[in-house]
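Peer 1: I am attaching a structure below and will ask some questions about it afterwards.
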């Protein structure tokens, strides 16, 4: 059994709210687009990687532009994750607010 997910920052709080309440998904996409990501907090990044010293933050939308065509995961292994499919990323970048799958967060990490 996984422990209780405790958000580390505003983006993780927004993701947790969107996971629990579908009406919060639009707010999550807005928050995500404005966020600086490491995917998604420095603490989680350093927990997942042995050497996170060489990592930098980047605007989430710029990151999606760079990785367009790939699937990416926000907060992998954290207990509160979000999978962005390549199609969903294209929809977000092309101006679709809710993404290709309606903004469905992943079930876990």
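Peer 1: Running Debye on region 10-93 with equal point scatterers at the Cα sites and no solvent, what base-10 log of I(q)/I(0) appears at q = 0.21 Å⁻¹?
Peer 2: With one equal scatterer per Cα and no solvent, log10 I(q)/I(0) is -1.04.
Peer 1: Take every Cα pair under 8 Å in region 10-93 that's 6+ residues apart, average their separations, divide by the length, and report that relative contact order as a whole percent.
Peer 2: For region 10-93, the relative contact order is 25 percent.
Peer 1: Right, here's the next one. If a/c stays under 1.5 just call it rounded; otherwise compare a/b with b/c (prolate if a/b is bigger, oblate if not). Do that for region 1-46, with a ≥ b ≥ c from the square roots of the Cα gyration tensor eigenvalues.
Peer 2: oblate
Every read-out reported here was derived from the displayed coordinates using simple, explicitly stated rules and does not represent laboratory data. Nothing here was measured: the structure is a model prediction, and the numbers come from that model.
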